[in-house]
Amino acid sequence: MKRLILNRWGIWIGGSLLVSMILIALLTPVVVSGDPRALSPGSRLLPPSALHWFGTDQLGRDLFVRVLYGARISLFVGFSVAFLSAVIGTSVGMLSAANRQLDAVVMRVMDGVMSIPAILLAIALMAVTGGSVFNVIVAVTIVEIPRVARLIRGIVLTLRDETYVEAAISTGTPPARIVIRHLLPGIVAPLIVQSTFIWATAMILEAALSFIGAGTPPTTPSWGNMLADARALWQIRPTLIFFPAAFLFVTLLAVNMLGDGLRDLLDPRQAPQT
């Protein structure tokens, strides 16, 4: 296992980039003294300089400070959605696999939700609930739960037919013990991998919702809002788009590389043959 981890360069590169972005997000209030919402009409659209490393936007706000604070929003939304989707989706998937009558109803609901394009469903939910970071997390979580539920259901149905599970059932082992000892170990690895991809998808959806004005409030320093504000000025100040887009790209690349590396590591079919 140790040698496999050392050979998975995607885990190291993706993990290092992601940890760096998380540290940036956590330490931003400590190392940066500027206010991401502070207006300075006299300093509008300044180019990058020693005073404003990334320049300023059309309202005179320091773009460097706003990009760093945007990392907090994006990573928080991505992690929250991944965690909530994993917890709720796992519960729904296991309950569905344990009860055939419930399975017929729950899976049809999950299929119905999955039949709607993710971005359209998220927009519809945001139109009902209103724009806020909390509502974005709720909307994107609802979109992602069916994918986790179907994954867990399929794994549990497969594990349920294994000999050791049937033996545990025949000997009268309590259901809770069967779940903890025999089912959860087989769920953890694919769930971790799926959660990393949900994390990346959630960040994309948050940025897309904010870009079209259906996500976080316009005053919130999110990368999607920055891209939306800069779309009419990209020919004058292309850096207004470049910096938030570059940070979003690097973060998504890190999460996806980590997810791909974990999938290769945890999938027995990817293990080297001896």
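Tell me whether the stretch 200-208 contains one or more residues that are of a type in the set (V, I, T) and in contact with an Asp or Glu (Cβ under 8 Å, 6 or more places away or on another chain).
yes
Failed condition for A207, given (1) of a type in the set (G, A, S); (2) in contact with a Ser or Thr (Cβ under 9 Å, 6 or more places away or on another chain); (3) under 16 Å from D57 (Cα atoms), with all others met?
Only one criterion is unmet by A207, namely (3).
Would you tally the residues in the stretch 211-244 being buried (at least 17 other Cβ atoms within 10 Å of the Cβ), without any contact (Cβ under 8 Å) to a residue 60 or more places away in the chain and small (G, A, S)?
Qualifying residue count for the region: 2.
Just one of the numbered conditions (1) touching a Pro at 6+ places or on another chain (Cβ under 9 Å); (2) within 23 Å of S132 (Cα to Cα); (3) at pLDDT 90 or above; (4) of a type in the set (A, V, I, L, M) is not true of I22; which one?
The single condition I22 does not satisfy is (1).
Return the pairs, sorted by first residue and then second, in which the second residue is of a type in the set (V, I, T) and crowded, with 16+ Cβ neighbours inside 10 Å, the first residue lies in the stretch 95-123 and is free of Cβ contacts under 8 Å to residues at least 40 places away in the same chain and in a helix (DSSP H, G or I), the beta carbons are less than 8 Å apart, and the residues are 6+ apart or on different chains.
L95/V106; V113/I142; V113/V143; V113/I145; L121/V113; L121/I142; L121/V143
Which residues, counting only those in the stretch 128-155, are under 16 Å from P217 (Cβ atoms), in a helix (DSSP H, G or I) and at pLDDT below 90?
If the condition is that a residue be under 16 Å from P217 (Cβ atoms), in a helix (DSSP H, G or I) and at pLDDT below 90, then T129 is the only one that fits.
Pick out the one residue from P221, P244, P190, P217 that is within 23 Å of V81 (Cα to Cα), touching a Lys or Arg at 6+ places or on another chain (Cβ under 9 Å) and assigned to a loop (DSSP other than H, G, I, E, B).
P221
The values are calculated or read from the model by the stated rules, or taken from the named source; none is laboratory data. Because the structure is predicted, anything quoted here is derived from the model rather than measured. When we count neighbours, we look across all protein chains shown, and the Cβ atoms used for this are built from the backbone with ideal geometry, even at glycine.
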